[in-house]
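Novice: First the structure, then my questions, so here it is.
Each reported figure results from applying straightforward, stated rules to the coordinates on display, with no laboratory input. Treat the numbers as computed from the prediction; the structure is a model and nothing was measured. A quick note on method: Cβ atoms are made from the backbone with ideal geometry, for glycine too, and the neighbour counts reach across all protein chains shown.
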Amino acid sequence: MHLVQLDLSQLSCTSTIYVSDSHNPWFNLAFEDWIFRKTDPRAVVLYMYRNDPSVIIGRNQNPWKEINLHQLNDLGIPFVRRKSGGGTVYHDLGNTNYCVFVPREQFERRINAELVARALNEVKIPANVNERNDICVEGFKVSGSAFKLVNARAYHHGTMLIDAKLGDLRGVLGTTKHTLITKGVPSVSSPVRNLVQWNSDFGHEKFVGAVSEEFKKTYGEFEEVQVTRVNESELERNEYVKGVSDELQSWDWQWGSTPEFTHDIEGSFPFGDISLHITSRHALITSASLTRPPRNPAWYRSAEHFVSLLEGDRYGTLEGVEKALEGMEGIKTERLRTLVEWLKKEM
């Protein structure tokens, strides 16, 4: 295993381990952001938590490209856009998340992945860190990583598959929208496996204990490492955490942070074929055009009217078009509603 040396003299004399008892993904990510932005940038901090079933995407990713949103909605599972980069991951209570915060000048992409890998080796799980800084066991990915650096602070966070319901991933992560071209960062898929495949008695608390002990060894010049349990009561006394939690659940962050993309969409109807080209930025349709209009004259006029209504509407919901059709009746309106329902399903 490649090892990186730490210069502990550059760190604060304090270090903390936080373990969350909450399974709320918005709270846990908000608390993570509070540690990153509001605590002493010279301190090293370890934070570990688990989330209820949820799909977490990177801040620069496109949810329509990364997730089968129709299936996700059918399962009643939310998606959350985090503040850091990296790919899309599935979380449930069989997945433990870890995050290590360090001064920026001490940051090195491999060092804390190696810390976690050493902790797994201590419990007889033969883990190693690959060239993508993922933690693997016998060729299977058990943990992916994402990173964030600003000013004096940096952090590395990762997911650890302990006993996750990997079957729930089938059909949820990734879509077949090959004609959706995005400027966002796509995920890279890898074969994955749970740690219980190598140690059937392993669980969340054992992982927390093993990583905590290795953290203390790695940053061992500190006299004492405090372990603090946190929960959602922080939302009542920490305005920053409450504000970030609210922001993560807002439309502007969850959807509106989506990078610009284009989508070519085709449909076949009894009246003939139709094709659209849509451009979207910040999840709003900035332009739409008919690349193959219907040959039927009545449907041609309805399709032209429909396309004119799309600009400025929210991609995915088309709530502006639907509102414009409220209270309207007649065969032309029925044609427009047919096109709305078709396009929503294709999105």
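Novice: What residues have an amide H closer than 5 Å to that of Arg81, excluding those fewer than 5 places away on the same chain, when H is modeled at 1.01 Å from N in the peptide plane?
Specialist: Ile57
Novice: Tell me which of Thr291, Val211, Val192 sits at the most positive position along the dipole axis of the chain, charges placed on C-beta atoms (Lys, Arg +1; Asp, Glu -1).
Specialist: Thr291
Novice: Rounding to the nearest 20 debye, state how big the charge dipole of the chain is about its Cα centre with +1 on each Lys and Arg Cβ and -1 on each Asp and Glu Cβ. Kindly include the intermediate steps, with their values, before the conclusion.
Specialist: Values: 40 positive and 46 negative charges, 156 e Å.
The calculated dipole for the chain is roughly 740 debye.
Novice: How high is the FRET efficiency from Val150 to Arg295, r the C-beta distance, R0 41 Å, rounded to 0.05?
Specialist: Details: r = 55 Å, r/R0 = 1.35.
Efficiency, rounded to the nearest 0.05: 0.15.
Novice: Anyone know which of Asp74, Asp21, Asp163 comes out most mobile in the 10 Å Cα GNM of the chain?
Specialist: Top of the fluctuation ranking is Asp74.
Novice: Which one of Gln254, Gln61, Gln226 has the biggest mean-square fluctuation once the chain is modelled by GNM with Cα springs under 10 Å?
Specialist: Gln226
Novice: So, one more: Which order do peptides 139-148, 87-96 fall in by mean Cβ count within 10 Å, highest first? Don't skip to the end; give the middle numbers.
Specialist: On the way: 139-148: 20.0, 87-96: 21.6.
Top to bottom by mean Cβ count within 10 Å: 87-96, 139-148.
Novice: What list do you get for Trp251, Trp34 if you sort them by fewest beta carbons within 10 Å?
Specialist: Working: Trp251 11, Trp34 22.
Going from sparsest to densest Cβ surroundings: Trp251, Trp34.
Novice: Greater than 24 Å separation of Cα atoms is the criterion. Which listed pairs, Lys177/Lys242; Lys183/Lys344; Lys124/Lys217; Lys148/Lys242; Lys83/Lys345; Lys148/Lys183, meet it? Each step should come with its number before you reach the end.
Specialist: Numbers: Lys177/Lys242 36 Å; Lys183/Lys344 22 Å; Lys124/Lys217 18 Å; Lys148/Lys242 21 Å; Lys83/Lys345 29 Å; Lys148/Lys183 20 Å.
Exceeds cut-off: Lys177/Lys242; Lys83/Lys345.
Novice: Which value at 222 nm does the chain reach when only helices count, each DSSP H run of 4 or more adding -39,500 (n - 2.57), with the total divided by all residues and rounded to the nearest 500 deg cm²/dmol?
Specialist: On the way: 11 runs with 107 residues, N = 347.
For the chain, the value works out to -9000 deg cm²/dmol.
Novice: I need Met347, Met328 ordered by Cβ neighbour count within 10 Å, fewest first. If you can, show how the numbers build up before the last one.
Specialist: Details: Met347 19, Met328 11.
Ascending number of Cβ neighbours within 10 Å: Met328, Met347.
Novice: Calculate, for Glu205 and Lys332, the FRET efficiency according to 1/(1 + (r/R0)^6) with r their C-beta to C-beta distance and R0 45 Å; round to the nearest 0.05. Numbers along the way, then the final one.
Specialist: Details: r = 63 Å, r/R0 = 1.39.
Once rounded, the FRET efficiency stands at 0.10.
Novice: Hey, can you grab everything whose amide H is under 5 Å from the amide H of Arg153? Only 5+ residues off in sequence or another chain; H modelled, so Pro and N-termini drop out.
Specialist: Arg104
Novice: With the cut-off at 1.5 for a/c, could you classify segment 240-347 from its C-alpha gyration tensor as rounded, prolate or oblate? Before the final figure, lay out each step's value.
Specialist: On the way: a/c = 3.07, a/b = 1.96, b/c = 1.57.
It is prolate, given that a/c is not under 1.5 and a/b is the larger ratio.
Novice: Fewest first, what order do Glu66, Glu224, Glu266, Glu32 take by the number of other Cβ atoms within 10 Å? Don't jump to the answer; show the numbers that get you there.
Specialist: Working: Glu66 23, Glu224 7, Glu266 12, Glu32 26.
Ranking Glu66, Glu224, Glu266, Glu32 by Cβ neighbours within 10 Å, fewest first, gives Glu224, Glu266, Glu66, Glu32.
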